[in-house]
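**Student:** First the structure, which I've put down as structure tokens, then a few questions once you've had a look.
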Amino acid sequence: TIIINKNEVLIINEGSNINFQNNSNLIVYGNIQILGSEKNPVVISNIDDSNSSIVAMETFGINNIFHTRIQDLASLQHKDWKNSAALTFYESDVVIKHTNFSENKNGDDYLNIVRTASYLIEDCNFNNILYDAIDIDFSDGKIINSTFNFIGNDAIDFSGSIADVTSCTFLHCGDKAISCGELSFIEISNCD
């Protein structure tokens with residue numbers, strides 16, 4: 001497991017290939033910049049049957065994930081710490097664009113955003129997800145022009161959040177396309 005401290009920025013450049021194994025994790029307290037390009041995306045995957053996860057906790061600035069393929073991750077199990085998502089942003093502003101999420105190995109959610117002042121998910125694809133693709137808890141942001149296909153439970157699950165969901169497509173969801181609970185205020189437009 002690699003830990004990025006509060007005063008550090010992790011930059012993952014285009015064309016990088018990150019392979020997790022042996023229950024390794026990436027835990028970020030500083031800032032993370034995953035800067036893939038259309039021609040040279042970043043690939044992040046788990047290459048064995050272990051649980052590997054990425055967690056950003058109380059980070060500074062805006063975290064960015066661009067042109068990335070995230071596959072085969074699982075919920076966090078690190079020492080006595082367990083988390084329900086494969087990729088978590090807790091009190092950490094984030095922009096995720098042109099990113100594909102697929103084939104999580106376990107956990108309630110693939111992407112969980114919690115108590116975050118601002119997030120943007122744009123032009124992303126979620127495919128073959130075990131349960132919820134995205135879980136947004138007590139956070140404000142936007143999900144734009146994204147596709148959800150073969151989702152085991154809810155495609156997007158909101159709790160106590162304010163959000164815009166625009167121009168998204170939902171196919172083969174095991175439960176709800178969009179779940180809005182616990183005093184959430186969600187504007188949904190131009191979705192299929």
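**Student:** What figure, in Å² to the nearest 10, do you get for the accessible area of residue 18 with a 1.4 Å probe and non-protein molecules left out?
**Tutor:** 60
**Student:** Something else about it: Is the C-alpha gyration tensor of region 38-134 telling us rounded, prolate or oblate? Criteria: a/c under 1.5 is rounded; beyond that, a/b larger than b/c is prolate, otherwise oblate.
**Tutor:** Numbers: a/c = 1.61, a/b = 1.07, b/c = 1.50.
Note, shape of region 38-134 comes out oblate.
**Student:** Once you charge only the Cβ atoms, +1 for Lys and Arg and -1 for Asp and Glu, what is the size of the charge dipole of the chain about its Cα centre, to the nearest 20 debye?
**Tutor:** Using Cβ point charges on Lys, Arg, Asp and Glu, the chain gives about 440 debye.
**Student:** From the phi of every residue in region 51-64, what ³J(HN,Hα) in whole Hz does the Karplus formula 6.51 cos²θ - 1.76 cosθ + 1.60 yield, where θ is phi - 60° and glycine or proline is x?
**Tutor:** Each residue of region 51-64 in turn: 8, 10, 8, 10, 10, 10, 10, 6, 7, 10, x, 9, 7, 10 Hz.
**Student:** Next question, about the same structure. Relative contact order of region 1-61: what whole-number percent is it, with Cα pairs under 8 angstrom and at least 6 residues apart?
**Tutor:** Working: 139 pairs, mean separation 25.1, N = 61.
Normalised by residue count, the contact order of region 1-61 is 41 percent.
**Student:** Going by average Cβ neighbours within 10 Å, how do the peptides 180-191, 138-149, 121-132 rank, with the highest at the top?
**Tutor:** Working: 180-191: 12.7, 138-149: 19.6, 121-132: 21.2.
Descending mean neighbour count gives 121-132, 138-149, 180-191.
**Student:** Who wins for biggest fluctuation among 85, 117, 133 in a Gaussian network model of the chain, springs between alpha carbons below 10 Å?
**Tutor:** 117
**Student:** Expressed as a whole percentage, what fraction of the accessible surface of the chain belongs to carbon and sulfur atoms when a 1.4 Å probe is rolled over the protein heavy atoms?
**Tutor:** Values: 3970 of 8690 Å².
Whole-percent figure for carbon plus sulfur exposure: 46.
**Student:** After finding the eigenvalues of the alpha carbon gyration tensor for region 92-177, what semi-axes result from the square roots of 5 times each, listed largest first in whole Å? Numbers along the way, then the final one.
**Tutor:** Details: eigenvalues 68, 37, 28 Å².
Ellipsoid semi-axes (Å, largest first): 18, 14, 12.
**Student:** Whole number in Å², please: accessible area per residue of region 54-192, 1.4 Å probe, ligands, DNA and RNA not counted. Write down the numbers at each step before the final one.
**Tutor:** Numbers: 5890 Å² over 139 residues.
Counting only protein heavy atoms, the per-residue value for region 54-192 is 42 Å².
**Student:** Right, next: Taking amide H atoms as placed 1.01 Å from N in the peptide plane, list the residues 5 or more away in sequence, or in a different chain, whose amide H sits under 5 Å from that of residue 88.
**Tutor:** It is 54, 55, 56, 112, by chain and number.
**Student:** Step through the residues of region 155-166 one at a time and calculate ³J(HN,Hα) from phi using the Karplus curve (6.51 cos²θ - 1.76 cosθ + 1.60, θ = phi - 60°), rounding each to whole Hz and writing x for Gly and Pro.
**Tutor:** 5, 10, 10, 9, 9, x, 10, 10, 7, 10, 10, 10
**Student:** Still on this structure, I have one more. If I build a Gaussian network model for the chain, linking alpha-carbon pairs within less than 10 angstrom, which residue out of 164, 154, 135 has the largest mean-square fluctuation?
**Tutor:** 164
The values are calculated or read from the model by the stated rules, or taken from the named source; none is laboratory data. This is a predicted model, so every value here is computed, not measured. Neighbour counts are summed over all protein chains in view; Cβ atoms, including those assigned to glycine, are modelled from backbone coordinates with ideal geometry. What goes into the accessible areas is simple: the full protein's heavy atoms, side chains included, and nothing from ligands, DNA or RNA. Shrake-Rupley method; radii C 1.70, N 1.55, O 1.52, S 1.80 Å.
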